[in-house]
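A short write-up of the structure that comes next.
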Amino acid sequence: MAINNSVTQLNIHQSIVPSTKGDSLPRKINFKIEQPIKYSQQVEEVRNLLKHVEGEPLKPVDMVDVLHKLCINHHFEEEIDSILKTHYTKISNGHVSNHDQSLYEVSCNFRILRQEGYYVPADVFARFKQKNGIFLEEMAEDVKGLMALYEASQLSIEGERILEEAADFSSHALKEMMPFLDEDEAIIVKNTLEHSYERTPSTFMVKKFIKHYSGTTMSQLAEMELAKLQALHRTEVTQISRWWTELGLAEELKLARSQPLNWYLWPMTSLADPSLSEQRLELIKPIALIFIIDDIFDIYGTLDELVLFTEAVIRWDINSLERLPYHLRICIEALYNITREISDKIYKKYGFNPIEYLKRTWINLCEAFLVEAKWFASGHLPNADEYFRNGIVSSGAEVVTVHMFFLLGCATNEDSATIIKDNPGITFCLAKILRLWDDLGSAKDENQDGHDGSYVTYYMRENEGCSLENAHGHVMSMISNTWKQLNKECLSPNKFSSPFIKACLNLARMVPMMYNYDENHSLPLLKDYINSMF
């Protein structure tokens, strides 16, 4: 029904939380004792490599790409920023000509710059087409170039027909070639087509990239970085588990889901920088409340109780809860307290209290939940568009992005705070992607006993004779178009900070992993991700 209708079938508690009788996990490197000196040395070695490659046409940008793929880029943000600015300036001034570059080089430059917010026109690929508008036939044999072209095409924005054609051409050519490739090459091509870099969490592929760049200074640093990150995630999971137990909502609301470790995957992926531990630990709290409140509206409260619940959120007054039953009252109290505590922490750290902005997101969410509850209670069947407009709000995306915005220190006064209210594009795109993927997978979510609607269901009802397969194809097309909108929203100039944009993109990248069910109603990609990150 929302950001919360995802990994309900995964029980990762025993697999990632140490038991009281000893660590139940495979032994990890004791990073604090064994690695700090070597780790620091490796960071400086990579920094020196960055300095030595500056000034050469392609190598600096290639190195930036490797740093991102190995998830060690956060150590070198200043160097990366300098390299990309220099390279973009050279391209803009005509000092770097794509006519002297291969398909692979042009595609990589395009993708890397666009991923970092720089606008590069799509017509850089025009020279790879024949006069009849078809891509050059000899390109169909360039595996490396085709993979780079496919990756670049995922950064398209609306109206860029040449990139749509590039995606079709490269994906078709790569599929045609796969039977004739050796096993390793075929695996790489398959991964590229199924998990494009732009639409997959970078940490999901990091182990594969470490192996690919094995023996390099950067891969050695990445290996230590991953061990450090895994230890940090395990520590954070322990803290979250303790917080959730002490909050006590699971004991009082036994029908609601209690999966804090699954919920942690959202902040773990969106706020990937290791230094953002405090922000991850705070963001899990509103995400947990989205889950609980969703279940209250979906399977817990009567319609009269849900009306009272929503009114209590709107009033935001601790003295006006007497009409609510106890199990709903304690949820409201937890919402009040957690929102106040987060707001106080943000105020102490950044000098601005965002509580009014946070409250508004909760009001919007509960009002959207109530609309759905009234539809079900009255037997009203909304049309697909009506359902979708409300479903974008009930996805919970706004609650998460607004909390992230303030937790990342993006506002220090009222003027900067209004940016998140006045520029809803990124949140809107994320919410659409989330809602559509959720509705594709909701029918397979066996642990949900509530009354979730589905865009797929309403679309098929409105389009007589439409098969489930065609409806799914329509939804996937909508998701693809929304990604184009999101790509555009993330280009410079932008009112949002780079950390916030990257956090939102990471949320969008995480969505398919949360909802991509297989024929056994399980989430194999997500299980692989969990195993790699813990």
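Overview of results
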item	result
Shape of the range 76-115, Cα gyration tensor, a/c cut at 1.5	oblate
Rounded to 10°, Cα long-axis angle of helix 36-53 versus longest principal axis of the chain	50 degrees
Shape of the range 169-219, Cα gyration tensor, a/c cut at 1.5	oblate
Surface share of carbon and sulfur [accessible, 1.4 angstrom probe, percent] for the chain	50 percent
Dipole magnitude of the chain, debye to nearest 20 (Cβ charges: Lys/Arg +1, Asp/Glu -1, about Cα centre)	1180 debye
Degrees, to the nearest 10: 277-295 long Cα axis against longest axis of the chain	50 degrees
Solvent-accessible area per residue, Å², over the chain with all protein chains present [probe radius 1.4 Å]	45 Å²
Length gained when the stretch Asn516-Tyr213 is fully extended (0.36 nm per residue, less Cα-Cα span)	106.2 nm
log₁₀ of I(q)/I(0) at q = 0.22, 0.29 Å⁻¹ - the range 268-308, Debye sum with one point per alpha carbon	-0.69, -0.92
Cα gyration tensor category, rounded, prolate or oblate, for the range 354-413 with a/c compared to 1.5	prolate
FRET E, pair Val307, Glu462, Förster distance 25 Å, beta-carbon r, rounded to 0.05	0.30
On Cα atoms only, tilt of 498-515 relative to the major axis of the chain in degrees	80 degrees
Computed [θ] at 222 nm, deg cm²/dmol, the chain (DSSP H ≥ 4; -39,500 (n - 2.57); rounded to nearest 500)	-21000 deg cm²/dmol
Principal axis box of the range 151-306, alpha-carbon based, largest edge first, Å	60, 42, 28
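The values are calculated or read from the model by the stated rules, or taken from the named source; none is laboratory data. These numbers come from a predicted model, not from an experiment. All Cβ positions, glycine included, derive from the backbone under ideal geometry; neighbour counts span all protein chains shown. Side chains are part of the model used for accessible areas, which takes the heavy atoms of the whole protein and leaves out ligands, DNA and RNA. Shrake-Rupley method; radii C 1.70, N 1.55, O 1.52, S 1.80 Å.
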